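All of the numbers you see were taken from the coordinates with simple rules; none came from a lab. All of these numbers come straight from a predicted model, not from anything done at the bench. All Cβ positions, even for glycine, are placed from backbone atoms using ideal geometry, and neighbour counts span all protein chains on display.
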Amino acid sequence: MNVQRIDQNLHISLQMWLALLGLVVATWTIITYTTLILEIGWIVLGAFLLALGMRPAISALARWRVPRPLAVLAIYTLLFGFLLLLGNLLLPILHAELIPLQKNGPALIQEVFNRLAGTPLTQWIPSTETLAPNLTQQLATVLETTLGTVAGVSNLLLDFMVLLILTLFFAIDERWLSRLLLSWTPGHYHIHVQKLIDNTEQRLTRWVWSQPLIGLYFAVTFSAGLMILGVPFALTIGLIGGVLEIVPYLGGIIATMLAVLSALVVHPGLVIWVIVLHLSISLAEGHLIAPLLYGHTIGLRSAVVLIALFVGAKAAGILGVFFAVPVAIILSVVVQEMQILWLQEKRTLAPEPATLPHPM
């Protein structure tokens, strides 16, 4: 009897030491290869989001007996063709706007400072003598960053190719995530895990389809509004805001700042109308366009989105900002499902109320 207990204690101790060793190895791996792990995580998450976005079109083509691999390749071809067509249509217009900006850029900046010279903002704005060396230093930094980016183009292309290939695999096999997670969970939790997967995919699919439409809405309305107001470079500013609007709030803020600087060249009073235009578009987006596109499936409040963007920016820079909302959606679904599971188990374990005997 004592020998059996000793063997059992040794067995438990061996399991404990192996678990501690595995924890140490996993911690060391995460700390040492954090950058690589984050890069792989963004690629996998990006491929998963693209696959979810293409799933409705793939399902529609599958009903016409089109094989799923061919359907994915057809969608790739249509997307790249659309981007090339859009580029051919917009590049001449953008080129016509950017040439005057390139030629008259210093004069426009000086004009902005002249316009601000008689306003109370002058005390917070550095002088031209102080600003010139700073701009030169910033330009040198931008050039160094650009050279580093050019040197890393090969890695970027490799990541993009891996993302497209993973998207192909994820889009072909819709149930890969279910099989993976269900294989790791006990059988009595399979219903909850499947419900979690379905809710996550539903919300993320809605988000993937909504963000480009919101960006298109902002680009069209803001560009049109700036053109009506007579703000220079209206189309360029609107397109920049529309592309960046895929990250909530970012596109609108940057586009408005650019529009304010451009409006100062015309007249300082035009800045007020630019701000009014942005507020009107943002209110319509927040109370009409976004609820119409999102419905009630996203389930994130504005404060939660802002916190997620802040945490993503601090954790992983621009990639963290881009993927902050999808990660927040996934976490919110997990928390909600865990709450439901906890309440169900609490009701199951609660003792039944005692029943009083009926009086005779």
Lys and Arg at +1, Asp and Glu at -1: add these up for the other residues within a Cβ distance under 15 Å of residue 190 and post the number.
-> +1
FRET efficiency, residue 90 to residue 64 (Cβ-Cβ, R0 22 Å, nearest 0.05) = 0.10
3J(HN,Hα) from dihedral phi, region 233-245, Karplus parametrisation 6.51/-1.76/1.60, rounded to Hz, x for glycine, proline | 6, 4, 5, 4, 5, x, 5, 4, x, x, 5, 6, 5
Around residue 58: net Lys/Arg minus Asp/Glu count, Cβ-Cβ under 15 Å = +2
How about region 30-87: which chymotrypsin sites (Phe, Trp or Tyr not before Pro) there are in a DSSP loop, with at most 13 other Cβ atoms within 10 Å of their Cβ?
-> 33, 64
